[in-house]
Amino acid sequence: MQDISIKESMQDILDAEASALRSIPYSPAYDKAVELIIEHVHRRGGKLVTAGMGKAGQIAMNIATTFSSTGTPAVSLHPSEAQHGDLGVLQPQDVMLLISNSGRTREVLELVTLTKNLYPQVPMIVITGNPNSELTRVTDVTLLTGGTPEVCPLGLTPTTSTTVMTVIGDVLVVNVMRLIGFTSADYAKRHHGGYLGYMSRKESDL
């Protein structure tokens with residue numbers, strides 16, 4: 001490996017990840033994904049169910065909690081635990097958000113099959129870096145990351161891909177918030193504790 005300083009390495013990493021974020025390709029799939037979430041959660045009374053394995057599963061959990069705190073009920077479902085009864089959290093009016101950089105994660109594909117067997121009408125959104133994957137063929141909406149290489153020197157550890165997938169989650173959250181008219185007062189009712197709770201109550205005079 002090239003002998004460079006931490007400062008130089010840091011700048012290279014920041015440049016690479018910033019470039020990856022700027023390269024996330026927009027498509028009308030984003031509009032469709034946001035509309036599906038609003039339709040199924042805010043009009044039909046369902047919830048958003050996120051799922052992924054490994055690092056992608058941690059991102060799925062983060063996206064679910066961010067949605068929940070901003071007025072869109074969401075839960076994170078572990079694909080393996082779904083096979084042992086947790087699939088029961090699903091309801092027919094729900095919408096799913098699946099995360100898999102490769103688009104071929106076995107446990108996530110199995111979750112798709114289980115879900116379709118239980119509630120075939122549940123729509124599925126996938127965030128992936130592989131436009132030709134099996135997951136893109138069996139889900140309704142595909143949000144592509146752009147497939148930028150990882151900054152990991154081995155090219156293996158999820159680094160750049162997890163950054164991009166997290167930001168795509170932010171794009172969905174912020175646009176749903178915007179379209180449902182979510183306010184500081186709404187936020188304060190859901191986030192009472194801590195500094196954020198204090199600031200939201202102060203801003204909304206609650």
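The values are calculated or read from the model by the stated rules, or taken from the named source; none is laboratory data. Keep in mind it's a predicted model, so treat the numbers as computed, not measured. Heads up, the Cβs are rebuilt from the backbone with ideal geometry, glycines too, and the neighbour counts pull from every protein chain shown. All accessible areas refer to the heavy atoms of the entire protein, side chains included, with ligands and DNA or RNA removed. Shrake-Rupley method; radii C 1.70, N 1.55, O 1.52, S 1.80 Å.
Based on what the data block shows, is Ala60 open to solvent by less than 20 Å² (accessible area, probe 1.4 Å) and part of a helix (DSSP H, G or I)?
Considered against the rule, which asks whether it is open to solvent by less than 20 Å² (accessible area, probe 1.4 Å) and part of a helix (DSSP H, G or I), Ala60 comes out as yes.
Go through the range 12-57 and give me each residue that's closer than 13 Å to Ser76 by Cβ and either hydrophobic (A, V, I, L, M, F, W, C) or in a strand (DSSP E or B) (or both).
Listed by number, the residues that qualify are Leu48, Val49, Thr50, Ala51, Gly52, Met53, Ala56.
Being open to solvent by less than 10 Å² (accessible area, probe 1.4 Å) and either more than 30 Å from Ala185 (Cβ to Cβ) or in contact (Cβ under 8 Å) with a residue 12 or more places away in the chain (or both) is true for just one of Leu36, Leu111, Leu87, Leu21. Which residue is that?
Unique residue meeting the criteria: Leu111.
Quick one: how many residues across the range 149-162 are closer than 18 Å to Ile4 by Cβ and part of a helix (DSSP H, G or I)?
Final tally of qualifying residues: 0.
Out of Met165, Met177, which single residue is in a helix (DSSP H, G or I), open to solvent by 20 Å² or more (accessible area, probe 1.4 Å) and of a type in the set (A, V, I, L, M)?
Of the residues listed, the single one that is in a helix (DSSP H, G or I), open to solvent by 20 Å² or more (accessible area, probe 1.4 Å) and of a type in the set (A, V, I, L, M) is Met177.
Looking at the structure I just gave you, is Arg44 open to solvent by 50 Å² or more (accessible area, probe 1.4 Å) and within 23 Å of Val174 (Cβ to Cβ)?
yes
Out of the residues in the range 117-143 meeting the condition of being of a type in the set (D, E, K, R) and either in contact (Cβ under 8 Å) with a residue 12 or more places away in the chain or part of a loop (DSSP other than H, G, I, E, B) (or both), tell me which one is farthest from Leu48 (Cα to Cα).
Only one residue tops the list, namely Glu134.
Which one is modelled with the highest pLDDT among residues in the range 180-189 that are open to solvent by 50 Å² or more (accessible area, probe 1.4 Å) and part of a helix (DSSP H, G or I)?
Among those residues, the one meeting the criterion is Ile180.
Would you point out which residue out of Lys55, Lys47 is within 23 Å of Phe182 (Cα to Cα), touching a residue at least 24 places away in the same chain (Cβ under 8 Å) and of a type outside the set (S, T, N, Q)?
Exactly one of Lys55, Lys47 is within 23 Å of Phe182 (Cα to Cα), touching a residue at least 24 places away in the same chain (Cβ under 8 Å) and of a type outside the set (S, T, N, Q), namely Lys47.
Of the residues that make up the range 2-16, is at least one open to solvent by 40 Å² or more (accessible area, probe 1.4 Å), β-branched (Val, Ile, Thr), more than 18 Å from Thr159 (Cα to Cα) and without any contact (Cβ under 8 Å) to a residue 12 or more places away in the chain?
Yes, the range 2-16 contains at least one residue that is open to solvent by 40 Å² or more (accessible area, probe 1.4 Å), β-branched (Val, Ile, Thr), more than 18 Å from Thr159 (Cα to Cα) and without any contact (Cβ under 8 Å) to a residue 12 or more places away in the chain.
Just one of the numbered conditions (1) under 25 Å from Gly45 (Cα atoms); (2) in a loop (DSSP other than H, G, I, E, B); (3) in contact (Cβ under 8 Å) with a residue 12 or more places away in the chain is not true of Gly146; which one?
Going through the list (1) under 25 Å from Gly45 (Cα atoms); (2) in a loop (DSSP other than H, G, I, E, B); (3) in contact (Cβ under 8 Å) with a residue 12 or more places away in the chain, Gly146 breaks only (1).
Residue by residue through the range 63-84, note down the ones that are surrounded by fewer than 18 Cβ atoms within 10 Å (Cβ to Cβ), in contact with a helix residue (DSSP H, G or I) (Cβ under 7 Å, 6 or more places away or on another chain) and in a helix (DSSP H, G or I).
Ser69, Ser80
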